[in-house]
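Everything on this sheet refers to the single structure shown next.
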Amino acid sequence: MKLSYVISFFVLLSGSFLLQAQELYFPERGADWKRATNLKIDTETLQEAVDFAMENEYSGSRDLRQAILKGFEREPFHEILGPTKKRGGPAGMVLKDGKLVTSWGDTQRVDMTFSVTKSFLSTIAGLAVDAELITDVNDKVKSYVWDGTFDGDHNSKITWEHLLQQNSDWSGDLWGLKDWADRPPREGGLDDWKYRKLNEPGMVMEYNDVRVNVLAYALTHVWRKPLPLVLKENLLDKIGASTTWRWYGYDHAWTTIDGLKMQSVTGGGHSGAGLFISTEDMARFGLLFTNNGKWNGNQLLSENWISMAVTPSEPNVNYGYMWWLNKKEGSRHWEGVPAHVFYAAGFGGNFIVVDQQKGLVIVTRWLEPSKIGEFVKKVYEAF
């Protein structure tokens with residue numbers, strides 16, 4: 001092949017990539033979301049999915065303080081320690097290549113997101129790795145946080161990856177909350193939970209907010225500034241998020257770093273606090289992950305980090321770095337939905353679903369959690 005033909009081929013190929021990049025839409029802050037047009041979708045089936053979301057509202061109280069107390073009533077010593085907020089009704093958005101396909105409910109209302117916050121917290125760790133504040137996720141956390149939080153034969157083995165994958169089995173108490181009292185097993189009682197044998201870090205995945213909050217505390221000491229400020233400056237401002245979101249910690253969860261007193265935020269909301277945010281700002285966050293960390297030409301979060309974040313952990317094939325994975329081998333696979341899909345999930349039916357291959361983002365709020373797989377399948381049936 002002649003050199004001129006080779007050059008022409010690559011020019012055409014580059015032009016094709018540029019055209020695709022131009023077609024991807026990144027909404028400016030405060031802009032009316034541009035709608036997708038000329039899509040080959042079954043609008044009737046898509047409307048059925050929206051109707052399904054509206055008709056299957058989360059059955060818990062709209063007074064989330066009451067819903068939290070009811071939802072976690074088995075936990076010993078459980079109480080509300082941070083802010084809560086009465087929620088709105090079902091809401092959601094479906095994006096294709098950044099453009100709005102459909103929406104329902106009040107997408108600008110700010111509500112609690114509960115464990116969706118964990119995926120934002122994981123991203124704070126990713127930003128720290130990208131900035132080389134954390135050299136390697138396999139580093140022992142005790143090398144970075146040496147105030148006693150990671151002392152002892154067991155806790156000293158814990159790495160950043162163990163915390164991110166929720167398989168550290170960190171043992172202790174933080175802000176007066178004990179690790180064993182958070183989501184205790186169905187069997188046994190206080191003595192069984194207190195004096196259980198610890199699992200070797202990396203071996204057993206256990207969903208546990210105390211340990212998630214230990215990660216938030218450790219990252220606060222690495223960044224040496226409040227995590228909401230890190231999120232704002234490094235990510236949410238840059239993707240045009242609104243100024244309405246808030247990220248809270250427990251009322252008494254304060255630490256002093258470099259002489260400055262700052263709050264250590266939570267990675268969830270089951271004792272109150274966590275991330276309070278709108279559906280539209282959640283959709284922006286999902287769109288950033290759909291485009292592998294790049295927003296309108298700017299790489300805000302490395303592709304390498306996103307790849308690591310959605311890699312299955314050994315103890316749980318459906319869990320990465322605080323993102324749920326739709327792998328077929330696991331127990332949380334949604335039938336009729338591609339196995340490459342990953343998602344953030346929170347109490348009360350809050351979800352950000354990401355499909356990088358199809359350029360889809362699905363955000364839904366206050367959907368009965370048991371209905372999420374059926375709902376997402378219905379959305380896919382429309383495309």
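The values are calculated or read from the model by the stated rules, or taken from the named source; none is laboratory data. Owing to the predicted nature of the structure, the values given are computational and were not obtained by experimental measurement. Here Cβ is always computed from backbone atoms with ideal geometry, including for glycine, and neighbour counts include all displayed protein chains. Protein only, heavy atoms only, side chains kept; ligands, DNA and RNA dropped before computing areas. Shrake-Rupley method; radii C 1.70, N 1.55, O 1.52, S 1.80 Å.
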- Out of all the residues in the stretch 41-62, which are free of Cβ contacts under 8 Å to residues at least 24 places away in the same chain and part of a loop (DSSP other than H, G, I, E, B)? S61
- Item | Single residue of the stretch 109-147 satisfying the filter (within 16 Å of the chain's Cα centre (by Cα) and part of a loop (DSSP other than H, G, I, E, B)) that is nearest to N350 (Cα to Cα) | T113
- Note on the structure: Screening G359, G293, G320, G346 for residues that are without any contact (Cβ under 8 Å) to a residue 40 or more places away in the chain and in contact with a helix residue (DSSP H, G or I) (Cβ under 7 Å, 6 or more places away or on another chain) leaves only G293
- Tell me, which residue of the stretch 313-329 that is of a type outside the set (F, W, Y) and closer than 15 Å to V204 by Cβ is surrounded by the most Cβ atoms within 10 Å (Cβ to Cβ)? N316
- Message: Show the residue pairs meeting these rules: Cβ distance below 7 Å; 6+ apart or different chains; first residue within the stretch 139-167 and touching a residue at least 24 places away in the same chain (Cβ under 8 Å); second residue open to solvent by less than 30 Å² (accessible area, probe 1.4 Å) and of a type in the set (D, E, K, R).
- Response: L163/R211; Q166/R211
- Item | Among the candidates L100, L95, residue that is touching a Leu at 6+ places or on another chain (Cβ under 8 Å) and either under 30 Å from K40 (Cα atoms) or part of a helix (DSSP H, G or I) (or both) | L95
- Selection from the stretch 138-191 of residues that are more than 21 Å from V265 (Cα to Cα), open to solvent by less than 60 Å² (accessible area, probe 1.4 Å) and not polar (S, T, N, Q): D139, G152, H154, P184, G188, G189
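Pick from H78, H162: which is touching a Ser or Thr at 6+ places or on another chain (Cβ under 8 Å), closer than 21 Å to M322 by Cα and either part of a helix (DSSP H, G or I) or not small (G, A, S) (or both)?
H162
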- Item | Single unsatisfied condition, E75 versus (1) farther than 24 Å from V363 by Cβ; (2) free of Cβ contacts under 8 Å to residues at least 12 places away in the same chain | (2)
- Scan the helices (runs of 4 or more DSSP H) fully inside the stretch 169-287 and keep the ones with 2 or more residues being farther than 17 Å from L121 by Cβ and not polar (S, T, N, Q). 190-194
- Note on the structure: Selection from the stretch 48-68 of residues surrounded by fewer than 16 Cβ atoms within 10 Å (Cβ to Cβ) and farther than 15 Å from V363 by Cα yields E48, E55, S59, R62, D63, R65, Q66
- Scanning the stretch 75-121 residue by residue, those among the aliphatic types (A, V, I, L, M) and either touching a helix residue (DSSP H, G or I) at 6+ places or on another chain (Cβ under 7 Å) or within 26 Å of G293 (Cβ to Cβ) (or both) turn out to be I80, A91, M93, V94, L95, L100, V101, V110, M112, V116, L121
